[in-house]
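To keep things clear, I will list the structure first and then write my remarks on it.
The values are calculated or read from the model by the stated rules, or taken from the named source; none is laboratory data. Worth saying up front: this structure is predicted, and the values here are computed from it rather than measured. We place every Cβ from the backbone using ideal geometry, glycine too, and count neighbours over all the protein chains shown.
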Amino acid sequence: MLKSFTNEEGFTLIEVMVALAIFAAAASMLMLSDGNNIKHTRYMQEKVFASQIADQELNALYALQLYPDTGTRSDIRGYAGYDWFVKETVRNGKIDGLRVITVDVYPGNVRPGNNDAPLYSLIGYLRRVKKNEAH
């Protein structure tokens, strides 16, 4: 008794190739999405670190009750295992005895170009402490 091979069940080569093509497309989209998520997470982590650095710079001035001279100062800071370029700009405020301080934080240890946007920027205000107010 010979068995007939005309009525076999299973997938044809074309069906298997189409399934593999669909799987490959879905897997590549998943990999691309995962890569974008990793980049976005790193960017947000750097942004949080930059905000902490800017906050520390302003809080140091507040705590020491310093009344800085106007102008721009910059420095390289190490924080969380990374280097950060910190630029502090001090201007006179609209009210006498008030200073406006802008702290810009850039990733890396290289001076940014004029058109480079900071990763994080924070603005604070300091007033001159009068001698009879000081403790």
**Message:** Being at pLDDT 90 or above, of a type outside the set (Phe, Trp, Tyr), surrounded by 10 or more Cβ atoms within 10 Å (Cβ to Cβ) and more than 24 Å from the chain's Cα centre (by Cα): is that true of Asn92 here?
**Reply:** yes
**Asked** Asp75 is checked against (1) part of a strand (DSSP E or B); (2) farther than 30 Å from Arg42 by Cα; (3) free of Cβ contacts under 8 Å to residues at least 24 places away in the same chain and fails just one. What number does that condition carry?
**Response** (2)
**Prompt:** Which members of region 107-117 meet the condition of being within 19 Å of His40 (Cβ to Cβ) and crowded, with 16+ Cβ neighbours inside 10 Å?
**Reply:** Pro107
**Request:** Go through region 34-61 and give me each residue that's touching a residue at least 40 places away in the same chain (Cβ under 8 Å) and more than 13 Å from Tyr82 (Cα to Cα).
**Result:** Ser51, Ala54, Asp55, Glu57, Leu58, Leu61
**Message:** Among the residues of region 90-113, what is the count of those that are in contact with a Ser or Thr (Cβ under 9 Å, 6 or more places away or on another chain), part of a strand (DSSP E or B), more than 15 Å from Tyr125 (Cα to Cα) and not aliphatic (A, V, I, L, M)?
**Reply:** 0
**Asked** Does region 80-89 contain any residue that is outside any loop (DSSP other than H, G, I, E, B) and more than 19 Å from the chain's Cα centre (by Cα)?
**Response** yes
**Candidate set: region 79-135, residues that are of a type in the set (Phe, Trp, Tyr) and in contact with a Leu (Cβ under 7 Å, 6 or more places away or on another chain); chosen: the one farthest from Leu58 (Cα to Cα)** = Tyr106
